[in-house]
Amino acid sequence: MTGSPKALAHSAPSAEAASGGQPDAAGSARGRGTPGAVSWRGRLYRWDTKASPYLLIAPFFVVFGAFSLVPLLYTAWYSLHDVQLSALDHQSWAGLDNYRNLLSSDFFWNALRNTFTIGVISTVPQLLAALWLAHLLHYRLRGSTLWRVVMLTPYATSVAAATLVFTLLYAWDGGMVNWLLHFAGLHPVNWRESDWGSRVAVSSIVIWRWTGYNALIYLAAMQAIPADLYESAALDGAGRLRQFRHVTVPMLRPTILFTVIVSTIGATQLFGEPLLFGGVSGSKGGSEHQYQTLGLYMYDQGWIIGNLGKASAIAWSMFLILLVVASINMMLSRRLRKAP
């Protein structure tokens, strides 16, 4: 009995030591990873998660701001001033005079009419031909990959090379097109000097360059259409033509609308083809301005005549026209989505 208190006395420090060793071990474990270090790493991880996407897309916005946004705003400032190319340091406030001069200019309305006409002549046949070619390539054909590369070749060809070749084809004396007309018993056409002939010639260059590109877009959209729809239509007795009308075209509505918007923007900014097709009088759009587009009119006012203020007003007018066209296309797209 007398030994038990001593045993208890000796066992108590050992128990305390044993119990006190665990907190020390936990404290040493916490010492290796302090709460401050964990929070710093957590903050760094959260900052990296939030900031990395902005850093990755920052180069695009920097380039866009330097080469698109700043020139756009500077062009708007120029359009409100009287600025000559020969005297850039001498600018005078003009307000909306440049825009008033445009609205009262017959050359501006002629360029706008030519832009619209060439745009319609080139866009409608181009998209119809692209849709037809995509429909042919959608079915299994021998050498389909080769045909796709061939259709993309005109798009990869430079504007200058394509336009020069078409200029030779449409030449008044010795051109292949007039030779074919003579062979068919028709009178030759002076494609550069005639009103509708020059517009058709310029439109044909645009059609040749962009039909294959749009056909590949349509082909990619067709391949995404579920095959079950075609199988169901075939079971109902629908042939290829009816499948194309009632299955393919309705499923391609968003893609068709996209190509219409892109083609409209390209037609509004048409510049290289008519400039090179006209030769010496390319910037004028022919001797009688019969195929002068808005792009050519802006170039003629800014770099040939030297009136940068008026050229800037033309550029902003083109931008506003594109906004109106985009708004119309957006309204049409909403109606097409609601349509059954």
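The values are calculated or read from the model by the stated rules, or taken from the named source; none is laboratory data. Quick caveat: nothing in here was measured; it's all calculated off a predicted structure. Cβ sites come from the backbone with ideal geometry, for glycine too, and all protein chains shown count toward neighbours. Surface accessibility is based on the protein's heavy atoms, side chains included, excluding ligands, DNA and RNA. Shrake-Rupley method; radii C 1.70, N 1.55, O 1.52, S 1.80 Å.
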Descending packing, highest mean Cβ count within 10 Å first, for 83-90, 245-252, 264-271, 290-297 is 290-297, 264-271, 245-252, 83-90
Expressed in angstrom and ordered largest first, the alpha-carbon extents of segment 111-201 along the principal axes are 44, 35, 27
accessible surface per residue for segment 113-200, probe 1.4 Å, DNA/RNA/ligands not counted, whole Å² -> 65 Å²
Note on the chain: contact order normalised by length, alpha-carbon pairs under 8 Å, 6 or more apart, percent, works out to 25 percent
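Given +1 on the Cβ of Lys and Arg, -1 on the Cβ of Asp and Glu, and no further charges, what dipole in debye does the chain carry about its Cα centre, rounded to the nearest 20?
Roughly 1360 debye, rounded to the nearest 20.
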Computed over the Cα atoms of segment 267-324, the Rg and Dmax in Å are 11.1, 34
Residues of segment 56-89 with backbone N under 12 Å of the label point set 7 Å from the Cα of Phe319 along Cα→Cβ are 68-80
Residue separation between Leu152 and Ile304 times 0.36 nm, minus their alpha-carbon distance, gives in nm 51.2 nm
Expected sort for 157-163, 280-286, 56-62 on mean C-beta neighbours within 10 Å, highest first, is 280-286, 157-163, 56-62
Cα-based Debye curve of the chain sampled at q = 0.09 Å⁻¹ gives log₁₀ I(q)/I(0) of -0.71
With DSSP loop assignment and no more than 13 other C-beta atoms within 10 Å, the trypsin sites (Lys or Arg not before Pro) in segment 74-178 are Arg140, Arg142
Ranked output for segments 194-204, 306-316 by mean other Cβ atoms within 10 Å, highest leading, reads 306-316, 194-204
Taking every alpha carbon pair in segment 33-119 and sorting the distances into 5 angstrom bins from 0 up to the bin holding the longest one, the percent per bin comes out as 3, 11, 9, 10, 11, 11, 9, 7, 6, 5, 5, 4, 4, 3, 2, 0
The simple spin-label model distance between Met330 and Thr145, using points 7 Å out along Cα→Cβ, in nm, is 4.2 nm
Ranking Ile118, Thr153, Ile225 by how far each Cα lies towards the positive end of the charge dipole of the chain (+1 on Lys and Arg Cβ, -1 on Asp and Glu Cβ), the top one is Ile225
Heavy-atom accessible area of the chain with neighbours in place, 1.4 angstrom probe: carbon+sulfur share in percent works out to 68 percent
TM-like helix rule applied to the chain (DSSP H, alpha carbon span at least 30 Å on the long axis, mean Kyte-Doolittle at least -0.5) gives 35-64, 106-138, 195-223, 308-338
Classified through the alpha carbon gyration tensor (a ≥ b ≥ c as square roots of its eigenvalues; rounded if a/c is under 1.5, else prolate when a/b is larger than b/c, else oblate), segment 239-340 comes out oblate
